1. Per residue of the chain, what 222 nm ellipticity follows from adding -39500 (n - 2.57) for every DSSP H run with n ≥ 4, rounded to the nearest 500?
2. Could you work out the relative contact order of segment 184-245, using alpha carbon pairs under 8 angstrom and six or more residues apart, expressed as a whole percent?
3. Å³ per residue of the Cα convex hull, for segment 212-316?
4. Rounded to the nearest 10 degrees, what's the angle between the helix 165-180 long axis and the longest principal axis of the chain, both from Cα atoms, 0 to 90?
5. Give me the distance in nm between label points sitting 7 Å out from Cα along the Cα-to-Cβ direction at L252 and R146, one decimal.
6. In percent, how large is the relative contact order of segment 15-69, given Cα pairs closer than 8 Å and 6 or more residues apart?
7. Roughly how tilted is helix 84-95, in degrees to the nearest 10 and between 0 and 90, from the longest Cα axis of the chain?
8. Roughly what would the spin-label model give for L62 and E161, points 7 Å off Cα along C-beta, in nm?
Amino acid sequence: MASLKVPASVPPPYEDAEQLNKAFKGWGTNEGLIISILAHRNAAQRNLIRQVYAEAYGQDLLKDLDKELSSDFERVVLLWTLDLAERDAYLANEATKRFTSSNWVLMEIACTRSSHDLFKARQAYHARYKKSLEEDVAYHTTGDFRKLLVPLVSAFRYEGEEVNTMLAKSEAKILHEKISDKAYSDDEIIRILTTRSKAQLNATLNHYNNAFGNAINKNLKEDADNEFLKLLRATIKCLTYPEKYFEKLLRLAIKKIGTDEWALTRVVTTRAEVDMERIKEEYHRRNSVTLDHDIAGEASGDYERMLLALIGHGDA
């Protein structure tokens with residue numbers, strides 16, 4: 001379901017590395033050349049380019065990009081060029097820092113990656129930061145947020161489609177009882193949301209809807225200003241309908257006064273090779289305009305061209 005347009009015939013990585021090196025030479029950086037190469041290479045191809053570049057020029061491509069580029073364009077190119085696990089580790093680490101802290105980014109990474117990808121992100125976190133993601137999340141969060149986020153980032157869910165119907169019924173009942181009692185951070189709610197497979201959770205939440213006449217997220221809207229409840233609802237959406245979560249995130253990032261470039265960049269770079277087609281369809285259905293139309297209206301210059309190339313629109 002990826003949107004990324006990779007040319008039918010891709011030059012060998014040494015040619016791409018050579019062209020990127022040329023883009024940095026002379027009086028000005030050739031941003032168009034950088035976009036034409038990196039925005040049209042998949043993850044494996046980008047990793048090869050980085051390896052070949054380091055061998056040929058004795059430099060880290062990421063460091064050269066960092067030196068040559070600036071602002072939002074720099075961030076989108078760097079995030080995109082990172083290996084998937086490195087990127088998630090970087091974003092998660094940033095989300096634990098004082099001035100860029102975000103419980104939402106931590107939840108998003110934990111709930112929308114496959115078990116294997118989340119495990120690899122934790123390994124990349126060890127390698128880069130010499131500590132575990134779990135310990136940083138535990139140290140930088142408190143109370144109910146810590147209670148939810150630590151097991152979420154530690155999870156290794158079963159990925160298969162098998163579902164236990166009796167379990168779905170009994171756990172739907174448990175969820176309904178706890179929510180009716182307003183025990184939103186109860187151990188049982190946390191256990192179910194942080195350990196069950198996505199297929200099992202979908203079955204449980206479908207049964208919840210059928211048995212109790214309301215989608216679970218409607219019952220979690222009792223207190224509109226409760227930040228923990230907002231995160232809990234987003235957790236459920238990420239685990240069950242990630243395209244709806246990302247559509248809303250993009251809509252809010254684009255429509256707010258002063259575009260939220262960090263959110264826009266994060267969603268485009270992390271979903272371009274995963275489910276961007278579904279996100280674009282959901283965006284069009286929800287907003288009656290295309291995502292590329294709204295991005296073109298809010299972003300500009302090389303940043304806009306890179307974003308549009310990544311979501312599969314235009315010949316940038």
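The values are calculated or read from the model by the stated rules, or taken from the named source; none is laboratory data. As the structure is a computational prediction, the values presented were derived from the model and not from experiment. Methodologically, a virtual Cβ is constructed for each residue, glycine included, from the backbone with ideal geometry; neighbour enumeration extends over all protein chains shown. Accessible surface areas use protein heavy atoms only, side chains included; no ligands, DNA or RNA. Shrake-Rupley method; radii C 1.70, N 1.55, O 1.52, S 1.80 Å.
1. When only DSSP H runs of four or more count, the value is -21500 deg cm²/dmol.
2. Computed over segment 184-245, the figure is 27 percent.
3. In segment 212-316, the Cα hull volume divided by residue count equals 117 Å³.
4. 80 degrees
5. My value for the distance between the label points is 2.5 nm.
6. Relative contact order here is 34 percent.
7. 70 degrees
8. 3.7 nm
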